[in-house]
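Reviewing the structure listed below.
The values are calculated or read from the model by the stated rules, or taken from the named source; none is laboratory data. None of the values given here were measured: they were computed from a predicted structure. Heads up, the Cβs are rebuilt from the backbone with ideal geometry, glycines too, and the neighbour counts pull from every protein chain shown.
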Amino acid sequence: MDYIGIDCGLDGAIVRMSDRKIEDKIAMPTISNGKRREIDIDKLSRIFESLGLLDCVLVIEDPGGHAPSAAGLRSMTYSFAVIKTLTIVHRLPYHTVAARKWQSAFWSRPSGKYDTKAAALKAATQIWPDEDWRRNERCKIAFDGFVDAALLAEYGRRNNI
């Protein structure tokens, strides 16, 4: 069984894990729509079509009803709707999970402001110490989309989703 974690953000990603090994990391495909970006539905549909050839389950982060801004919430909700719709169209088994729920499986959240991106990178590095989390060789820092999507896949595996 392959577990595929999906971080729905425009800077999100899709990570496929098989037998606890990360097999594929794909940055969320996006296109420009005037001054904004949005998910490239055609490219994402082709990715989902290829996933239909696998024995897999998708673990999709549900953005919930909170975001730093109204525009951010609108973008995340739209992206989530696109991903969920394509999942259904391609008849892929899926499970949605709130960010706080999957995060709590990997670290304890103290009260107050907390850097979830740093905590996620630490958790992912402990699970996959040899994995390169950069988007490409030119990048100097880890790509949050890959990290979160990998942890979503691992959450699915640990919980037998």
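For segment 49-98, a residue qualifies if it is in contact with a helix residue (DSSP H, G or I) (Cβ under 8 Å, 6 or more places away or on another chain) and among the small types (G, A, S), and the qualifying residues are G64, G65, A67. Scanning segment 47-58 turns up one or more residues that are acidic (D, E), modelled with pLDDT under 95 and either closer than 25 Å to A119 by Cα or not in a strand (DSSP E or B) (or both).
What are the residues in segment 78-108 that are assigned to a helix (DSSP H, G or I) and surrounded by fewer than 16 Cβ atoms within 10 Å (Cβ to Cβ), if any? Talk me through it step by step, then tell me what you get.
Applying the first criterion (assigned to a helix (DSSP H, G or I)) to segment 78-108 yields 78-89, 99-104.
Correct list: Y78, A81, T85, I88, V89, R100, K101, S104.
Within segment 8-45, the set of residues being under 22 Å from K117 (Cα atoms), not acidic (D, E) and not in a strand (DSSP E or B) comprises C8, G9, L10, G12, R20, M28, P29. For the criterion of being at pLDDT 95 or above and not in a helix (DSSP H, G or I), E131 passes.
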